[in-house]
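Visitor: What follows is a structure written as structure tokens; I'll ask about it next.
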Amino acid sequence: MPDSPNIDDLLQINEIKKEPIKRSSLQVSSPETENKFKKKLGEVDLKEKEKEAIQLAQKMGLPHIDLDQFPVSHEAMRQISKAEVKQLKTVCFYATSDEFKLGTVDPTNKAVTELLQALAEHNHAEGVLYVISQKSLERVLKLYENLPVVRIISKDISIQSKDLEKVKAKVSDFKSFQALLDQKSTTDLLTLLLGVALKLEASDLHVEAEEKQVVIRLRLDGILHDVAILPKDLFKQLLSRIKLVSSLKININDKPQDGRFTIKLAEGDVDVRVSAMPTIYGESVVMRLLYQNRQGLDLDSLGLRGSAYVRLKQEIERPNGLVVTTGPTGSGKTTTMYAIMQLLNKPGVKIVTLEDPVEYKMEGINQSQVETKKGFTFSQALKSLLRQDPDIAMVGEIRDLETAEIAIQESLTGHLILSTIHTNNAAGAIPRFLSMGVKPFLLAPALNAVIGQRLVRKICGNCREEAELDSHILERVGKVIQTMPETEKQHINMENLKFYQGKGCAQCGGLGYKGRIGIFEIFSINKEIEENILSAQVSEYIIEEIAVKNGMVTMVQDGVLKALDKLTSLEEIFRVTE
């Protein structure tokens, strides 16, 4: 009878034949030989599992990695909880501010793909999926046993309605807000600050470190107000909490950082964009509050009226062309674009946007966000966007020649393009395009209409009263009215001009204003303006003169009309139009 093969011979044969090793085929002479056999057998099994993972990766078209010798950082592991790792058989083995990598045993699991997308959105980073073996998964699971315990806070802050009601009851003005802040602990501080900002419908919450104190400011209806002061010793804890919830690095305080989180409320989510910037006394943090419940947004509620509304509606109903909104930062340009898209968002129409960043989420619209740091600029992204076969495309801002040329070319080839540009008035948009290097013979036929706008504060309806105006202001108003188109002027009683102001009450926090409304000027491109664009010397003053001659109501005229309608004050109109 021939001798039975030894362990090494059997393992070599198995490598060739790929057959499972049968325990009965081996004579075991001692416990040492038994242990050696088990070890060898286990090594072969692990090699086979790794090969199976490689084959699966090739089949799925994904990269493979063996994590047996790969260093896995604590920061990467904290991206996914241990329970979720066990459930999805997926680990995060690499993470930086710009990129993260997941390894999964089962790449066919839909939940793994959803996790990849969720982490990419949460971290504002690019994710890559790898295939790993069960051996790699178990190695990382063991590492979790030595992972230092840290407090992990969700990116979504849940502010209970009862907490907001308490804030509303206790805060009636800035003084009462300061008193409430003095009583609260650091843990409650961020929730309180956000609660007051939401109650007052602030657009921005500022936390600024000064030499001896921390100043809290709120931007209400476009105006920044100092609302409270905190002791300097609370700043570090408050700053750490803000950074935690917005996924910023706590240990970095010498570089600007950007993050975001979401406040979950019953009436709708509020997205909060966070910007932290180093200053000589610490850091300055600004939180922009973006209210997502925008279902009722329309052109009427923005303040568009009369001939301007009719003209714009005609231009956006055209199947192609370029409609541009102009104005400085914070003048409501993006909100106007959203209102136009809401009007055009109908079955059978595909609308695609390119924004920086996406401010409001709208159903039925494909929204995309540029990532300048990663090379995904407006001009580069616009090329991809237009391959999505849209009927209407909204480009957040035209900043350079390449973006302008692509937008104009596409508006000439069957697309309606909506965008914004920074100029002081509507007529200034055309010289701005030409100064970028846009060819006049392309711009003239492509441009449908230009909108100029500002936002003014609305008088509080609860404390509105008639204003007494001096002769100088009345004379100025008279000149504005005299230059209005006859269609607007004929409805004004020059002998009985009445204007209003807000006295200040509890409902408006003593400010006299509550909410904002737009003032607009809109002109369409006619033959005379087109000829001016094609001329050698184009002038915004000449373009404005032509537009006024053809019935355009200017922003200051629109503002005076709204002041006569008791919507705003003359003080506001002249503040934003001077």
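Visitor: Quick test of your reading of the structure: LEU265 fulfils all but one of (1) in contact with a helix residue (DSSP H, G or I) (Cβ under 9 Å, 6 or more places away or on another chain); (2) surrounded by 17 or more Cβ atoms within 10 Å (Cβ to Cβ); (3) modelled with pLDDT of 80 or more. Name the failing condition by number.
Guide: Of (1) in contact with a helix residue (DSSP H, G or I) (Cβ under 9 Å, 6 or more places away or on another chain); (2) surrounded by 17 or more Cβ atoms within 10 Å (Cβ to Cβ); (3) modelled with pLDDT of 80 or more, only one is false for LEU265: (3).
Visitor: Show me the helices (runs of 4 or more DSSP H) entirely contained within region 379-461 in which 1 or more residues are in the same structural domain as SER535 (by TED's automatic domain parsing) and of a type in the set (Lys, Arg).
Guide: 429-436
Visitor: Further question on the same structure: What pairs can you find where one residue is in region 398-424 and over 16 Å from GLU315 (Cβ atoms), the other is basic (Lys, Arg) and surrounded by fewer than 17 Cβ atoms within 10 Å (Cβ to Cβ), and their Cβ atoms are less than 8 Å apart, with a gap of 6+ or different chains?
Guide: Matching pairs, first to second residue: ILE406/LYS383.
Visitor: Which one of the conditions (1) surrounded by 15 or more Cβ atoms within 10 Å (Cβ to Cβ); (2) modelled with pLDDT under 90; (3) under 15 Å from THR334 (Cα atoms); (4) not small (Gly, Ala, Ser) does LYS361 fail to meet, given that it meets all the rest?
Guide: (1)
Visitor: Another question, then. Among the helices (runs of 4 or more DSSP H) confined wholly to region 514-569, which include 3 or more residues that are over 36 Å from the mean Cα position of the chain (by Cα) and among the hydrophobic types (A, V, I, L, M, F, W, C)?
Guide: Ranges flagged: 540-549.
Visitor: Taking LEU455 as the residue in question, decide whether it is under 30 Å from ILE421 (Cβ atoms), surrounded by fewer than 18 Cβ atoms within 10 Å (Cβ to Cβ) and touching a residue at least 60 places away in the same chain (Cβ under 8 Å).
Guide: Judged against the criteria, LEU455 is not a match.
Visitor: Still on this structure, I have one more. Of the residues that make up region 508-521, is at least one loosely packed, with under 11 Cβ neighbours inside 10 Å and farther than 22 Å from VAL310 by Cα?
Guide: No, region 508-521 has no match at all.
Visitor: Among ILE529, ILE492, which is surrounded by 21 or more Cβ atoms within 10 Å (Cβ to Cβ) and under 30 Å from GLY428 (Cβ atoms)?
Guide: Numbers: ILE492 fails: surrounded by 21 or more Cβ atoms within 10 Å (Cβ to Cβ).
None of the other options fit; the residue is ILE529.
Visitor: Which residue pairs have Cβ atoms under 6 Å apart, sit 6 or more places apart or on different chains, and have a first residue in region 462-478 that is surrounded by 10 or more Cβ atoms within 10 Å (Cβ to Cβ) and a second that is aromatic (Phe, Trp, Tyr) and part of a strand (DSSP E or B)?
Guide: Between residues of region 462-478 that are surrounded by 10 or more Cβ atoms within 10 Å (Cβ to Cβ) and residues that are aromatic (Phe, Trp, Tyr) and part of a strand (DSSP E or B), the close pairs are ARG464/TYR500; GLU466/TYR500; ALA467/TYR500.
The values are calculated or read from the model by the stated rules, or taken from the named source; none is laboratory data. In this text, all values refer to a predicted model and were calculated from it rather than measured experimentally. So basically every Cβ, Gly included, is an ideal-geometry build from the backbone, and we count neighbours across all protein chains shown.
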